[in-house]
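Everything on this sheet refers to the single structure shown next.
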Amino acid sequence: MIYHPRTPQEAVNLRKEHADTAVYLAGGTDDLRLGGAAEGKDLIDITGFDFNTITEKDGKVYIGALCTLQDVIESELVPAFIREAAGFCASFAKRSSATVGGNLGLRRSDSYLAAALTAADATLKSITPHGEQDKPVGEYLQSDCKRLIEYVVVDKDRTGSVKRFGNTSSSHATLIAAESGGIYALSVQGSGLVYGTTPAIAEQVTYVDDLTGSAAYKKYLAGIVFTLGR
Amino acid sequence: MELKCKINGEEVTLRAEPTARLRDVLYRAGYRSVRDSDDAEGFAGSDTIVFNGKLKYANFILFYQAEGTEIRTAEGLLNGRELNNVQKAMVAAGIVQSAYNAPAAALILTWLLEQKPNPTREEIKDVLTSIFIRDAGYEHYYLAVKLATELRDFGEFRSEIAPTFRPSLEVVGKPCGKIDGAALVSGEPVFVEDKVPENAWCLHVLRSPFASAYIKSIDTSEAEKLPGVAAILTAYNTPETHYMQAGQGNPEPSPHDRRLFNRKVRHVGDRVAGIIARTPAIADQAAALIKVEYEPQGAVYTVEEAMAEGAPLVHNGEVIYNAGAPADLAEYNKLAGDEREGKVVYQFPLGADIHKNIAASNKGGIGDMEKGFAEADAIVERTYQTSQIQHTPLEPHVCYAHIEGGRLVLNCATQVPYHVRRIVSWVCGIPENKIHVIKERVGGGYGSKQDILVEDLTGYAAWVTGKPVYYRNTRAEEFYANSTRHPMRVKVKMGGKKDGTITALFMEVCANTGPFGNHCLTVPMNSCSKTLPLFAVDNMAYDLKVFYTNTPPAGAYQGYGTPKGTYGIMMAMAELADKLGVDYRTMVEKNHVSEGYMLEILKGLGEGREGNVVPVGSCGLDEAIAKGCDMIEWGKKEVSDDPDWKIGKGFAMIMQGSGLPGLDHAEAIAKLETDGTVILNSGGADLGTGLDTISAKAVKEVLKLPMEKITVVSGDTDSCVFDTGAYASSGTFFSGNASLLAAKKLKEKILAEAALQMNEKVEDLDVRAPGEVYSKTSGKALTYGELSHAAIAGDGRGQMVAHGSYVTKASSVPYGAHFAQVAVNVRTGEIKVQKFYALQDAGTPINPEIALCQMYGAAMKSIGHTLYEDMKLDENGKCINANLTDYGAPMIGEAPEDFKSMLIDVNDDFGPFGAKSISEIACNGAAPAIGIAIHDACGVWMRSWPMTPEKLLHELGRI
């Protein structure tokens, strides 16, 4: 079954109504990937909505959730370290489909953007069953709410740094770290996102062994990554 | 549903289920260039299209989303039948090889040039991140873009494509493009999947969840009742014939240790049942209805586990020898276990002892090891471990079989058409004349398609059901149900004097062949037979054992065992040089062989028989080492601005073979057609390497015909003649020599016939372009067309047909040296290959542009094996990273920053036009070169594959 909601609010309501059987479909690079979330599910097609632009207003950059990672890379409005993070999706063709909203909404522990946007103190503008709401990216990612992201809002002049560790450019990341304006964030494969105002956030993570590396390796990287030079 | 969209500028109406993947719909609608290499993993990019102006993977677009859209596929790049500039440039640059996703690559680069007419290297690299190239590396893609812009701007290629060799020859040694390049890059239906009709039945294999278990019972009755199920094959209704899947000369140096289905499963993914059904969905349903009761047995996964006292036995059935049975065989067989174990049939002794899990063994040597080590000032004894590697061809293993005229016809992607025919003949119990194998274009082999992994079952399924049957591995099955590179433990003991002279060299190799003995002797043998002969050392010995285990199967892989042996032996030499305080280059130069050195060590290193002791022939080793050392500035220490990054250099000398002298055999037939053109039927199997082009060039050089008047038909067992196949680097040397012989014999026949027709003496005649015989005395000339017409005009002497058959005991060995400069971050463990230089002596490179790309491709693969690729098994033997992303296949992001291939100009005495092999050898150098460079950078010897950051940090004591 494919739903074609006419408004974002309708999409959110459908998602709530069919919580166990339906998923949003945007770029499809995760949902439609082998063994992805769409397998056997109904689809709520949100590709027709208009939050697919990157604009600036009052020193803030509004990144539409339906913008692709390639759109982010190509936009001079977006802070450089966030553009760099979008490039952690190594494949150009994949980046041309994968959306910002999808990358955040799936809450993958190797999300390309999660650490960078969290460190950037970015905010989500989103639709919930109760209407529009704003929420910091970090808080959203650590919750399990099913809101539909419309925009990611970030300061235009935000500066920061981001670093990825992974077996190859195309494999799942072991760890992604970002720092901006005194906010530190870590996306750790198998463990998820942590953030805070000190590099000691690395101590909050429960590290696990997996295909991307041992718990000890990840813990080591998390412990030193914020001391590395650019 | 039905929808309209625009494809390649044409309004099209398509019909499919709304949630069908657009890739599948486009392919079925005839857009054959939109292929699938990864089952919608979003990795390989064979499914790349331009969708509403953007490059996207068609697997990530559902059919309904195509309504009203504008789509471009590679089919739209052609102008009539003419290639566009990018496609022409790709063929010219030598990157169209196995070419499964070459059309997608052409589309990507065409799109790029539309967006950015003069793209930078970084911009080219950026779009090529979309696509996985395994055969040719990425380096000549940059050249292709440059050539395409030149063609656009100047109407011609202006850059040098490749160096040229042998000025006296017209096309040999010159970059001319592959003769099948246009068909491949334009997306013509040239692969097996393109030959499958709509009414084909599918074959689905139910696989074992256990690494080792007896099948106690199997009930297929419910599944068989399903409408649309033609048959279900199991161990209980298929032949008892024991065979093996390695494509090797008959009798094979591999045990016949399997049936189509066994009553004991020996690895996770082993065959349990084969379902022939109308559709994949019905086959899945049927698979779910099959009730299998297993009796799990103990399993072993490593050579250490396999050799342990009391280890579970992978094979414990009756052992049979077809020749050379040991006197105590009857006693030995009294130890056989459950009858469900089956049999192990050796064609001749391979040093096996299945009661110790030993599938094969061999030992030997020259000189006096004790004396040699006693003379040494220092000795190192080290162990190196390699991992289990998958070939990852872009086209998975695939076969289509059907019955026609009472015969079994198989369309295959194979390196060994004649071995396929023989083994299918055995399995089906029908003679070879009842089987027709057609080798289609092969979308990547690298050794895995030397093994008959799917043709046996597909052929049998078609033969017993009478249905047209199609089988294709999933990408996951490629990992757990296919063949892989043998993991090996290589122990090297090496002694040397203070001046760098090696006094003794010993290798102990323990290889893991998995559950079956495909290539169990030959692959590990290569770890010694293609490494020890590099050394001019009087005292050398080897001891190799090959163990059965319950891992996914191992088999042939480009380079066979040589990359692993080279890794061990060169690393050990570097360690010894370090211990002795001798410069590594000095030690290499002091101990390597040179032309004329008699290779006594080869006596014991034949493939199941006594080896040929021969002198070193043409050898470009000195030049490769000297040039490479100059290029990488050997001895100059590089220092990074960042104190965390340390830089080091390393290199390795390498060798391989050119086929198997005394074992390989190649044949070809050249026919002068009625209009004076030539069709050459070659038994050789071109798997994208340009072998057909080599055959065509041989005809051109001999008969002076234009290339467009020469057609090569190859790999078809009905129309061609026997060839052992494309493996062991035999293609150019054996099949090329057979084509050359056929062309020379055809020339003799042409001259003899012309002498009669022209009333001239044969010795006064010769041939010249564009295809005629002329008299050196009278000046008379006769075109091939006139000659041929008269020969078949009713009163003539018949069509001129010549047969070339090539066998030899001569050995043409390619040599080379590969160099690496790496940067190592001692805090993060990151390893970057900054520079990689591959220098090889290939004799006369007949297709130099293709040769260079094969060097890039093989070196890139080898870099992947060294640093990233690793099949990981869980505690139950299940492969847990059976996809390209998790496995660690290297993409353009992993390519060295500075990557060069260079051909050392050496003419060989035996190869066609002086050619030797090119591709396999290029797999051998990266591991030791990088390993030695890492030590040079940070003082750590990395003694296992893959050399990961985590392992490096461990060695540095940081974790």
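Just so you know, all these numbers are worked out from the coordinates, no wet-lab data involved. None of these values were measured; they are calculated from a predicted model. A quick note on method: Cβ atoms are made from the backbone with ideal geometry, for glycine too, and the neighbour counts reach across all protein chains shown.
Between B:T69 and B:Y142, the FRET efficiency from the beta-carbon distance, with R0 = 22 Å, is close to 0.10.
For A:E56, the residues whose modelled amide H falls within less than 5 Å of its own, excluding neighbours fewer than 5 places apart on the same chain, are A:Y62. You can think of it this way: the chain between B:R340 and B:N199 has 47.1 nm of extra reach, that is 0.36 nm per residue less the Cα-Cα gap.
Panel order for B:E600, B:E869, A:E132, by other beta carbons found within 10 Å of each beta carbon, from fewest to most: A:E132, B:E600, B:E869.
For chain A, averaging the sequence separation of C-alpha pairs within contact (under 8 Å, six or more residues apart) and dividing by the residue count gives a relative contact order of 16 percent. For the range B:486-498, the Karplus equation 6.51 cos²θ - 1.76 cosθ + 1.60, evaluated at θ = phi - 60°, returns couplings of 4, x, 9, 10, 10, 9, 10, 10, 9, x, x, 8, 4 Hz by residue, with Gly and Pro reported as x.
Defining a contact as two alpha carbons under 8 Å apart and six or more residues distant in sequence, what relative contact order in percent does the range B:1-177 show? Display every interim value, and only then the final one.
Numbers: 276 pairs, mean separation 36.0, N = 177.
After rounding, I find 20 percent.
So for the range B:675-792: antiparallel DSSP bridges make up what percent, rounded to the nearest 5? Each step should come with its number before you reach the end.
Details: 7 of 12 bridges.
Taking every DSSP beta bridge with both residues in the range B:675-792, the antiparallel ones total about 60 percent.
Compute the helix-to-body angle for A:215-224: its Cα long axis versus the longest principal axis of chain A, expressed 0 to 90° and rounded to tens. Value to nearest ten degrees: 70.
Taking label points 7 Å from Cα along the Cα-to-Cβ direction, B:D764 and B:M598 give a separation of 5.1 nm.
Over 30 Å between Cα atoms: which of A:K146/B:K872; A:K163/B:K146; B:K498/B:K861; B:K434/B:K704; B:K291/B:K878; A:K60/A:K163 fall into that group?
Working: A:K146/B:K872 35 Å; A:K163/B:K146 33 Å; B:K498/B:K861 36 Å; B:K434/B:K704 38 Å; B:K291/B:K878 21 Å; A:K60/A:K163 24 Å.
Over 30 Å apart, Cα to Cα: A:K146/B:K872; A:K163/B:K146; B:K498/B:K861; B:K434/B:K704.
Note that the range B:149-164 has calculated 3J(HN,Hα) couplings of 5, 5, 4, 5, 8, 10, x, 7, 7, 10, 7, 6, 8, 6, x, 10 Hz, one per residue in order, obtained from phi through the Karplus relation 6.51 cos²θ - 1.76 cosθ + 1.60 (θ = phi - 60°); glycine and proline are x. Applying the Karplus relation 6.51 cos²θ - 1.76 cosθ + 1.60 with θ = phi - 60° to the range A:153-167 yields 3J(HN,Hα) values of 10, 9, 5, 5, 8, 5, 10, x, 9, 8, 9, 10, 10, x, 4 Hz, where x marks Gly and Pro. For the pair B:A327 and B:T674, label points projected 7 Å from Cα toward Cβ lie 6.9 nm apart. Among the residues of B:631-637, the average count of other protein chain beta-carbon atoms within 10 Å of the residue beta-carbon is 0. From most to least packed by mean Cβ count within 10 Å, the peptides B:386-392, B:359-365 give B:386-392, B:359-365. The label point for B:D499 and the one for B:E156, both projected 7 Å from the Cα toward the Cβ, are 5.7 nm apart. Normalised by the number of residues in chain B, the average gap of Cα pairs under 8 Å and 6 or more apart makes the relative contact order 13 percent. Database remark: amide H of B:S812 closer than 5 angstrom to the amide H of B:S658 (H placed geometrically; neighbours at sequence offset of 5 or more, or on other chains; Pro and chain starts carry no H). One chain, two ends: B:T164 and B:W941. Fully extended at 0.36 nm per residue, the span grows by 275.7 nm beyond their Cα-Cα distance.
With a cut-off of 20 Å on the backbone N, the residues of the range B:698-720 near the modelled label site 7 Å out from B:Q757 along Cα-Cβ are B:699-711. Using r as the Cβ-Cβ distance of B:D284 and B:H803, and R0 as 41 Å, what FRET efficiency do you calculate, to the nearest 0.05? That pair, B:D284 with B:H803, gives E of 0.25. From least to most packed, judged by other beta carbons within 10 angstrom and beginning with the fewest, B:F348, B:F910 follow the order B:F348, B:F910. Distance from a point 7 Å along Cα→Cβ of B:T586 to each backbone N in the range B:489-513: keep the residues under 20 Å and list them by number. Only B:494-504 fall inside the zone, counting backbone N under 20 Å.
In plain terms, the residue of A:T7, B:T238, A:T174, A:T53 with the fewest other Cβ atoms within 10 Å comes first and the most crowded comes last, giving A:T7, A:T53, B:T238, A:T174. Only lysine pairs 8 or more places apart or on separate chains count here, and in the range B:722-837 those with Cα atoms under 29 Å apart total 18. Shown is the FRET efficiency for A:E76 and A:E139, computed with R0 = 41 Å from the Cβ-Cβ distance and rounded to the nearest 0.05: 0.90.
Using DSSP to call loops (not H, G, I, E or B), can you name the trypsin sites (Lys or Arg not before Pro) in the range A:115-161 whose Cβ has at most 16 other Cβ atoms within 10 angstrom?
A:K146, A:K156
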